[in-house]
Amino acid sequence: MTARKHSALPKAQVLIEALPWLTRHNGRVVVIKFGGNAMVDEDLKAAFAQDVVFLRQAGLKPVVVHGGGPQINAQLDRHGLVSEFKAGLRVTTPEAMDVVRMVLAGQVQRELVGLLNQHGPLAVGLTGEDARTISAVKHFPTIDGEAVDIGRVGEITAIDTGAIEALLADGRIPVVSSIARAADDGHIYNVNADTAAAALAAALGAETLMVLTDVEGLYEDWPNSDDVISRLTATELEELLPDLSSGMVPKMRGCLHAVRNGVHTARVIDGRVQHAILLEIFTDEGVGTMVVPDDPRPPAAEHLPGQATAEGAAR
């Protein structure tokens, strides 16, 4: 009996370590952008689904937002359509938009909803088109000082959280595809999933935004160093943005938008690590970069004993 108690003690210690975070996040919305290698590796996909369901069962309200870059590329190839990118965004012709819509809503979302629902009748899929959850206008990125037409790529103009809030109130896990409908021309637009996740997090008043990536986090001096910045403020991030790689820009811009619009923390985490979400939220040692608002949080004395502050515990 003594040996059994001793062998089980580490499990109890893990649960106790999670207690302040469980207390802090109970009943709060957590928006998670699902992407990168976690979308194509079967073990990582399964671990992601387990993490999201764990959050829900632990009293949090997870909302999942996803894109589908690898799957879209594969399907465009099958249709003989070329994948082209400008200013870090996919050039989306009307023909390509049909493929994007089919892949996001009919393939990626269906698979993710199925993985989550292996654990119970929890997940419900919707796109930004549904109930006008995400509205957009045609986006013209600036390249070399000139506005460029890249097709059916949208810039978000409005978020309606009604459908998502209704699902959360019913105990469901909304899974949102990053597609939007325009109010002006009626077209369907492809929206960057990082941007969509950040906009939804802000509109929902989320506790945190989590963005899965294929890197450890935001590097301090890449490529000269692989040291990861564990925590930085909105202003510190804004100063770094011009020097970031194109792939990280929409993710970090999303984090910046989130924390400047009411989200307490935004985190870029390594989606190649199994259970990265649980490690980031419920342990002292995060697995990525956390962005916090510039405004100082209330002093520790105003928090419950043992409860993590809005900036998280020392990491």
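The values are calculated or read from the model by the stated rules, or taken from the named source; none is laboratory data. Because the structure is predicted, anything quoted here is derived from the model rather than measured. Side chains included, ligands, DNA and RNA excluded: accessible areas come from the protein's heavy atoms. Shrake-Rupley method; radii C 1.70, N 1.55, O 1.52, S 1.80 Å.
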TODO: For region 68-170, build the convex hull from the C-alpha positions and give me its volume per residue in Å³.
DONE: 111
- [ ] Report, in deg cm²/dmol and to the nearest 500, the calculated mean residue ellipticity at 222 nm for the chain, where each DSSP H run with n ≥ 4 adds -39500 (n - 2.57) and the sum is divided by the residue count.
- [x] -11000 deg cm²/dmol
Task: Percent of Cα-Cα distances greater than 26 Å, calculated over the chain - done: 46
TODO: Would you kindly calculate the translational diffusion coefficient of region 24-129, applying Stokes-Einstein with the Kirkwood radius from alpha carbon pairs, for 10 °C and a viscosity of 1.306 mPa s, and quote it in µm² s⁻¹ without decimals?
DONE: 106
Task: Residues of the chain: accessible area per residue with a 1.4 Å probe, Å² - done: 47
Open item on the list: Between helix 42-57 and the chain, what is the angle of the helix's C-alpha long axis to the longest principal axis, kept within 0 to 90° and rounded to the nearest 10?
Closed with: 60
- [ ] For Glu42, Glu236, Glu280, write out the residues from largest to smallest accessible area, computed with a 1.4 angstrom probe and no ligands counted.
- [x] Glu42, Glu236, Glu280
Task: Top of Lys251, Lys33, Lys86 by mean-square fluctuation, Gaussian network on the chain, Cα under 10 Å - done: Lys86
Open item on the list: Just to check, using Stokes-Einstein with a Kirkwood Rh over alpha carbon pairs, what's the diffusion coefficient of region 91-139 at 25 °C and 0.890 mPa s in µm²/s?
Closed with: 198
Task: Base-10 log of normalised Debye intensity for region 2-68 (one unit scatterer per alpha-carbon) at q = 0.23 Å⁻¹ - done: -0.99
TODO: Just read off the accessible area of Met39 with the full protein assembly in place, 1.4 Å probe, to the nearest 10 Å².
DONE: 10
Open item on the list: Students sometimes get this wrong: rank His79, His187, His139 by accessible area, probe 1.4 Å, all chains present, largest first.
Closed with: His79, His187, His139
Task: Mean separation of Cα contacts under 8 Å, 6 or more apart, over the residue count of the chain: relative contact order % - done: 20
Open item on the list: Run the reach check for Lys11 against aspartates and glutamates, Cα to Cα strictly under 16 Å, same-chain hits fewer than 8 apart removed. What comes back?
Closed with: Asp284
Task: Stokes-Einstein translational diffusion, region 110-259 - Kirkwood Rh over all Cα pairs, 1.002 mPa s, 20 °C, in µm²/s - done: 125
Open item on the list: Which residue fluctuates most in the GNM of the chain (Cα springs below 10 Å): Leu76, Leu200, Leu240?
Closed with: Leu240
- [ ] Once you've got the GNM for the chain with C-alpha springs shorter than 10 Å, pick whichever of Gly120, Gly69, Gly288 has the biggest mean-square fluctuation.
- [x] Gly120
